[in-house]
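First the structure, in the form of structure tokens, and then the observations on it.
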Amino acid sequence: MWSENHFTTSEDGQIWYLSLDNDTGCGFQTKQKYRFGWFSMKLKLVGGDSAGVVTAYYMCTENGAGPERDELDFEFLGNRTEEPYLIQTNVYKNGTGNREMRHMLWFDPTEDFHTYSVLWNNHQIVFFVDKVPIRVYKNNGKPNNFFPNEKPMYLFSSIWNADEWATRGGLEKTDWKIAPFVSSYKDFSVDGCQWEDPYPSCVSTTTKNWWDQYNAWHLSDSQKMDYAWVQRNLVIYDYCKDYERFPTLPGECSLSPWD
């Protein structure tokens, strides 16, 4: 997307490297847009002191932060050495986000590649880490202002400096002396409905694809066990429990992830 000289690959082209220095970061996006499906990529995050560095892997209806965009975010928030990475997820509908959750991970994401995936259909959006569901975001089956299901999205990834907020609320700044910061990517895969104007054949809920069938509308029993473990042990922040910020909780907070 920008700063092509900060983008390199392994000799066989199978691993991509994005680097950030004091000059700029880097990013890439898909050529196609998709509406619903399974989207997955393996990432290895910046090691060592990564305070202030954000690695993002996300879906968005446009290239930019437009006022009407829909967006599904994985953001990996760097930290000082020996402090754990945090993973932040967010959902935007028509330009409105503020639906953050933050989780710890049960492994060091800088030591090896791990798989980060999004399942998106008209019933739910599920964020997965190594096939473990860490966040479930439900639809209510009615027209609403919280569930993005109308607009197709591109997939993006980028690395950028966000030391004004990313690490301890902006207290920890990026140490440019140890730049460049490099994140690694491989095994990008999509099993989804590729958009074709004005409408692709798969745009309606046809249930022809596994990600659009009954079993993908809910967590399985084993996924529910994994999800319950995540909820007990790894959630750092959930906007649906932040009554100071939302004295009246957003409507989607009443929808059960277990249904």
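Couple of notes before you dig in:
- Contacts under 7 angstrom Cβ, first residue in the range 69-91 being among the basic types (Lys, Arg), partner in a loop (DSSP other than H, G, I, E, B), 6 or more apart: Arg69/Thr61; Arg69/Glu62; Arg69/Gly95; Arg80/Asp49; Arg80/Ala51; Arg80/Glu172
- Any chance Asn98 is touching a His at 6+ places or on another chain (Cβ under 6 Å) and either more than 22 Å from Asp187 (Cα to Cα) or open to solvent by 10 Å² or more (accessible area, probe 1.4 Å) (or both): no
- Some residue of the range 8-26 being outside any loop (DSSP other than H, G, I, E, B), free of Cβ contacts under 8 Å to residues at least 12 places away in the same chain and loosely packed, with under 15 Cβ neighbours inside 10 Å: yes
- Filter pass, Phe39 being within 20 Å of Gly192 (Cα to Cα), at pLDDT 95 or above and in a strand (DSSP E or B): yes
- Residue check for Tyr227: surrounded by 14 or more Cβ atoms within 10 Å (Cβ to Cβ) and in contact with a Pro (Cβ under 6 Å, 6 or more places away or on another chain): yes
- Taking first residues from the range 104-115 that are open to solvent by 40 Å² or more (accessible area, probe 1.4 Å) and partners that are of a type in the set (Val, Ile, Thr), the Cβ contacts under 7 Å between residues at least 6 apart in sequence or on separate chains come to Met104/Ile236.
- In the range 179-193 there is at least one residue that is exposed (fewer than 15 other Cβ atoms within 10 Å of the Cβ) and touching a Ser or Thr at 6+ places or on another chain (Cβ under 6 Å).
- Residue within the range 73-88 that is modelled with pLDDT of 95 or more and more than 30 Å from Ser201 (Cβ to Cβ) present: yes
- Condition check for Ser222: loosely packed, with under 15 Cβ neighbours inside 10 Å and either at pLDDT 95 or above or farther than 24 Å from Tyr85 by Cα (or both): yes
- Candidates Tyr227, Tyr214, Tyr237, filtered to the one that is among the aromatic types (Phe, Trp, Tyr) and touching an Asp or Glu at 6+ places or on another chain (Cβ under 9 Å): Tyr237
- Residue list for the range 62-78, restricted to those being farther than 20 Å from Thr115 by Cα and either surrounded by fewer than 21 Cβ atoms within 10 Å (Cβ to Cβ) or of a type in the set (Lys, Arg) (or both): Glu62, Asn63, Gly64, Ala65, Gly66, Pro67, Glu68, Arg69
- Test set (1) assigned to a loop (DSSP other than H, G, I, E, B); (2) touching a Leu at 6+ places or on another chain (Cβ under 9 Å) - Arg69 fails condition number: (2)
- Residues located in the range 122-161, provided they are buried (at least 18 other Cβ atoms within 10 Å of the Cβ) and assigned to a loop (DSSP other than H, G, I, E, B): His123, Asn139, Phe146, Phe147, Pro148, Pro152
The values are calculated or read from the model by the stated rules, or taken from the named source; none is laboratory data. For clarity, every value in this text was computed on a predicted model and none was experimentally measured. Don't worry about glycine lacking a Cβ; one is built from the backbone with ideal geometry, like all the others, and counts go over all protein chains shown. Surface areas here come from the heavy atoms of the whole protein model, side chains and all, with no ligands, DNA or RNA. Shrake-Rupley method; radii C 1.70, N 1.55, O 1.52, S 1.80 Å.
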